[in-house]
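> Structure incoming, see below.
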Amino acid sequence: MASKDEDILAVQTRKDLYDFVRRNPGFHLRELARALSLSITLADYHLRFLERHDLITSSMDGEYKRFYPRSTPGLADSRPALTEADRQILGFLRQPVPLRVMNFLMEREDATHKSILEQVPVSPSTLSHHLKKMQAAGIIDRAESKDRGYRIRNPKSVARLMATYELASSDQVDTFIRVWGEFRL
């Protein structure tokens, strides 16, 4: 006899969406539809179905509804696959500007708006907008130093998520570890 999860995932499109969300949490509807070559309405229908049956969950990041795996398949009562903090971080890591900002900040204890702007090719106001959103979400904060630069609040979580979901190269992860060692001694 097939399990409830197997019955729900018997439809190939639904299974493909579920598998993609498990491998790539934090994508929004349009990204999911594009990645799997589905119409937005078809992707939306199946994502809602998967949510109703507790295989995935979603949250709004202010602009987009992002999708995440609910738990381990067949273990609906187990711990969530991602914490709320992890989901929030992934929501930002899935956006090009915040990803570049976090990549840059992961290699420094703190960095000024000006130094970030030299590495992230956007207008000063666009960078300020993203920095304010990331600060409000608790992902970055201002250093207590005289420069009051920005820094990642929980670099270990960010690095773990970047490495797990292949948003950082192995060279970057090695650099993160080296830099933390220097600052945390």
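Each value in this text was obtained by applying a stated rule to the coordinates, not by laboratory testing. On a predicted model such as this, the values are computed, not experimentally measured, just so you know. Methodologically, a virtual Cβ is constructed for each residue, glycine included, from the backbone with ideal geometry; neighbour enumeration extends over all protein chains shown.
> For region 4-79, what is one quarter of the convex hull surface built on the Cα atoms, given in nm²?
4.8
> Still on this structure, please answer the following. Just to compare against my own numbers: the Cα pair-distance distribution for region 57-166, 10 Å bins, whole % per bin, please.
Here the calculated profile for region 57-166 is 13, 44, 29, 10, 3, 0.
> Ranking Arg22, Arg148 by Cβ neighbours within 10 Å, fewest first, what do you get?
Least to most surrounded, the residues fall as Arg148, Arg22.
> Now a separate question. What percent does the relative contact order of region 10-161 come to when contacts are Cα pairs within less than 8 Å and at least six residues apart?
Relative contact order here is 17 percent.
> If I take every Cα pair under 8 Å that is 6 or more residues apart in region 4-79, average their sequence separation and divide by the length, what percent do I get for the relative contact order?
32
> Highest first, please rank the peptides 28-34, 100-106 by the mean number of other Cβ atoms sitting within 10 Å of their residues.
100-106, 28-34
> Name the long-range amide H neighbours of Ile56: under 5 Å, sequence gap of 5 or more, or other chain; modelled H, no Pro or chain starts.
HN-HN under 5 Å from Ile56: Glu51, Arg70.
> Obtain the radius of gyration and the Kirkwood radius of region 1-40 from its C-alpha atoms and give Rg over Rh.
Result for region 1-40 is an Rg/Rh of 1.04.
> Here's another thing I want to ask about it. Per 0.36 nm of contour for each residue apart, how much would the distance between Arg22 and Met60 grow if the chain were fully extended, relative to their Cα-Cα spacing?
11.9 nm
> So, one more: How long are the semi-axes of the equivalent ellipsoid of region 96-152, defined as square roots of 5 times the Cα gyration tensor eigenvalues? Whole Å, largest first.
Working through the eigenvalues yields semi-axes of 15, 12, 11 Å.
> Rounded to the nearest 20 Debye, what is the dipole magnitude of region 4-79 about its Cα centre when Lys and Arg each give +1 and Asp and Glu each give -1 at the C-beta?
100
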